[in-house]
1. Taking Cα pairs under 8 Å and at least six residues apart, what relative contact order does the chain come out at, in percent?
2. May I ask you to derive the relative contact order of the range 1-133, considering only C-alpha pairs under 8 Å and at least 6 residues apart, and to give it as an integer percent?
3. So how strong a dipole does the range 186-336 carry about its Cα centre when Lys and Arg Cβ are +1 and Asp and Glu Cβ are -1, to the nearest 20 debye?
4. Taking the beta-carbon count within 10 Å as an exposure proxy, list TYR297, TYR6 from fewest neighbours to most.
5. Using θ = phi - 60° and the Karplus relation 6.51 cos²θ - 1.76 cosθ + 1.60, list the HN-Hα couplings for the range 169-176 in order, rounded to whole Hz, with x at every Gly or Pro.
6. Can you bin the range 65-224 into rounded, prolate or oblate? Criterion: square roots of the alpha carbon gyration tensor eigenvalues sorted a ≥ b ≥ c, rounded for a/c under 1.5, prolate for a/b above b/c, oblate for the rest.
7. Which three lengths, in whole Å and largest first, does the chain cover when its Cα atoms are put on their principal axes?
8. Show the residues, 5+ positions off or on another chain, whose built amide H is closer than 5 Å to the amide H of GLY8.
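All of the numbers you see were taken from the coordinates with simple rules; none came from a lab. Remember, it's a predicted structure, so these values are computed and weren't measured experimentally. Note: ideal-geometry Cβ built from the backbone for every residue, glycine included; neighbour counts use all protein chains shown.
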Amino acid sequence: MKAVVYKGNGRIALEERPKPALLDERDAIVEVTLTTICSSDLHIKHGAVPRAVPGTILGHEFVGRVTEVGSAVKKVKPGDRVAVNVETFCGACFFCKRGFVNNCADENGGWALGCRIDGGQAEYARIPFADNGLTVIPDHVTDEQALFNGDLLSTGYWAAKIGGIQPADTVAVIGAGPTGLCTMLCARLYTPAKVFAIDTDEYRLRLAKERGLADEILLPGRDDAVSAIRAATDGRGADVVFEVAGGADTFQTAWKIARPNASVVIVAMYEESQTLPLPEMYGKNLTFKTGGVDGSYCQEIMDLTACGKLDARFLITHRCSLEQIMEAYEVFEQKRDHVIKYAVRP
Ligand SMILES: [Zn+2]
Ligand SMILES: [Zn+2]
């Protein structure tokens, strides 16, 4: 089968690989019907994910059809259409029992798919702990509607939940890329009064506004985010801030636009260390929450998708076949042609 393989040293390649087989009684094999490229794949390519293993098939955001299950798998059966969770997790360890599946203590636990174990930019994928990592897609939900269930929507949903948004809050989201847009989408579930979106890409900001995800958009260079948000909140600042950009100075913007006693959720995956200027922050009494995502809510997200309350299809701006994925990587990495997300058909 065809698969995108991380070769190490900033290289990836589309190669011929053997079809995966069951290795454990809790595994399932999924025939991938739609997959995508995530910015985390670029982080791996850039060598910014130290635990990524060269030779691994990339891809951790995909949907497909179950073709085979191990003898201990109970929830899914061959023929089921499924969305795949970015995280594989045992469900039984200290962290899993508390929903903190990103820190699952199993050797295959946490974000392993497409990083340390072969993922879904391929025609088939082996899913460990299939009962935990697969969510059945209802018949009336399309592959495109379900594609972002296990990663982007899981991340937005997790971020909005740990942000502790209260009705009528002012929320600020830094970064209007795919994850930022999903964070806004999920923040809306908590009925904030106002959502500010901040990004350096005006096209993405306009998309956030047109889609009703952001009420106000701020473009650094043109707008001063700190004074605009203070002006809108009687000088206080945002009640909840999400830092989803991971840029050179966006961490500083995040704490500056937060009001005293706010929560600042760090969703972004930085490629460099950040400075916490504690003397300047003294008295602000902020709570910082740092990622990565605990993909513990895939069924809730699927239920909200099935009834139309969460719809991330607008993120798909580009479509191609697996054969064309290397060109898609180029476009996605260079952010050409206003790309937000690709839907890739094996
Ligand atoms: Zn991802
Ligand atoms: Zn576990």
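1. On the way: 831 pairs, mean separation 59.5, N = 346.
17 percent.
2. Working: 340 pairs, mean separation 42.7, N = 133.
Here the relative contact order equals 32 percent.
3. On the way: 18 positive and 23 negative charges, 109 e Å.
So the magnitude is around 520 debye.
4. Details: TYR297 21, TYR6 25.
Ascending number of Cβ neighbours within 10 Å: TYR297, TYR6.
5. Values per residue, Gly and Pro as x: 5, 9, 10, 10, 10, 8, x, 10 Hz.
6. On the way: a/c = 2.30, a/b = 1.95, b/c = 1.18.
It is prolate, given that a/c is not under 1.5 and a/b is the larger ratio.
7. 59, 40, 39 Å, listed from the longest principal axis down.
8. For GLY8, whose amide H was placed from the backbone, the distant partners under 5 Å are GLY55.
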